[in-house]
Amino acid sequence: MSWFDLAGRNLISEVDWTREEYDIAMKVTDQLKGAYYSRKPHRTLEDKTFAMLFFAGSTRTRMSFETGMTQLGGHAQFLNPSTMRMSLEDKPGAGETVKDTAKAMARFCDGIGIRLLDDGIDRYGYADEVMQKFGEHAEVPVINMASDINHPCQSLTDIYTMHEKLGGDVKGKKIVVMWAYTPWIRGLCSVQGTALISSMYGMDVVVAHPPEYDMDPNVMQQCRDLAKASDGQFTVENDLDKALEGATVVFPRNWFTMDRYQIGKEKEHEIALKYKDWCYTAEKQALTDPGYLLQCMPVDRGHEAMPDVCDNDRSWIYDQAENRLHTQKAIMTLTMGGRL
Ligand code: CP
């Protein structure tokens, strides 16, 4: 296994890359972060272009990819699909097909990032299908910038941040991915991604949620398989206090039920309102040991986590957000054939 094996590869699901490949990505992240802070040029992708197709809004993902490409000597091109002629429907009369769009885009750029989730689709799994289709037809790497199922750039950032903060040793450490109330009604990509990558690295992973909020059964099986292979643990718990006992890291985040696209957002909110007490508060943090806050942001302060927990010395959120820049520079360098 060499880091050159990642040249040309897609990253759509967390499980597209092996643990050894994520280890390489983290080593390259270390090098790029070191170069950034020692003000050494690291123009690994000079004159290359990364095209970013955003069907949904973003603060961190857009800024970190765009800034990252500038620092790597290349260019990130922001594309708003509403200004293009593509249709996801792939039927006569609807618009340009995904296949033709992907093939044409690949003639102009060296990598393609896609964000498609939440209100941009009408059934769970559809965003992943679109990204797979891009991956099949584009002759450049396709990077998932958040779909309905996965968020691998965030997941690499999460495991990198945990290694960085916990002195390089995450094995056996307890992480609780906890459902939390917010009226925002959010997708599953971040929480499923963190559960997957933590399971891959042998952590004691607990997914805590009210009974209605089972995650994608396929992803849960992937977590169990990864935990088995890494000698870690993966459990699901409906009792939040029990789940939080002795946790090293806590990720509080809302996600919608697997029925969201059948029942609609209003019904989703009605279900969520039953669990307004599912919030990461100072009292809940007191059950942990020490319950560092890992939260990919945006966080609903006062609902998902209380402001004092977001701002105390056990909160990692801003360092975690910054690490998106460094990890994605590694992903782009590796997949787009850059050299340090
Ligand atoms: N965590 C994350 O993906 O943030 P944005 O939605 O702001 O990109």
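The values are calculated or read from the model by the stated rules, or taken from the named source; none is laboratory data. Keep in mind that this is a model prediction, so the values were computed, not measured. Here the Cβ is made from the backbone with ideal geometry for all residues, glycine too, and neighbour counts use every protein chain on show. With ligands, DNA and RNA removed, areas are computed over all heavy atoms of the protein, side chains included. Shrake-Rupley method; radii C 1.70, N 1.55, O 1.52, S 1.80 Å.
Mind telling me which of the residues R60, R39, R43 ends up being of a type outside the set (G, A, S), at pLDDT 95 or above and in contact with a Leu (Cβ under 7 Å, 6 or more places away or on another chain)?
Values: R60 fails: in contact with a Leu (Cβ under 7 Å, 6 or more places away or on another chain); R39 fails: in contact with a Leu (Cβ under 7 Å, 6 or more places away or on another chain).
Just a single option satisfies the conditions, and that option is R43.
Filter the stretch 57-91 down to the residues that are part of a loop (DSSP other than H, G, I, E, B), within 21 Å of L156 (Cα to Cα) and in contact (Cβ under 8 Å) with a residue 24 or more places away in the chain, then identify the one that is farthest from the ligand (Cβ to nearest atom).
L72
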Item checked: Matching residues, the stretch 150-164, being near the ligand (Cβ under 8 Å from one of its atoms) and in a loop (DSSP other than H, G, I, E, B) -> H151
Next item on the list: Kindly establish whether A94 is assigned to a loop (DSSP other than H, G, I, E, B) and in contact with a Cys (Cβ under 6 Å, 6 or more places away or on another chain).
Entry: no
Next item on the list: For the stretch 20-55, name all the residues that are open to solvent by less than 30 Å² (accessible area, probe 1.4 Å), under 22 Å from L117 (Cβ atoms) and either more than 16 Å from the ligand (Cβ to nearest atom) or touching a Gly at 6+ places or on another chain (Cβ under 8 Å) (or both).
Entry: F50, A51, M52, L53
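I'd like the full set of residues that are of a type in the set (G, A, S) and either surrounded by fewer than 19 Cβ atoms within 10 Å (Cβ to Cβ) or within 16 Å of T182 (Cβ to Cβ) (or both), limited to the stretch 246-301. Before the answer, list the steps.
We begin by selecting, within the stretch 246-301, every residue of a type in the set (G, A, S); these are 246-247, 264, 272, 282, 286, 291.
G246, G264, A272, A282, A286 - these are the residues of the stretch 246-301 that are of a type in the set (G, A, S) and either surrounded by fewer than 19 Cβ atoms within 10 Å (Cβ to Cβ) or within 16 Å of T182 (Cβ to Cβ) (or both).
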Next item on the list: Please give the number of the condition E304 fails out of (1) of a type in the set (D, E); (2) out of contact with any helix residue (DSSP H, G or I) (no Cβ under 8 Å at 6 or more places or on another chain); (3) open to solvent by 10 Å² or more (accessible area, probe 1.4 Å); (4) within 16 Å of the ligand (Cβ to nearest atom).
Entry: (3)
Notebook entry, point to check: Residues of the stretch 280-301 being within 14 Å of the ligand (Cβ to nearest atom) and among the acidic types (D, E), which ones?
Noted result: D300
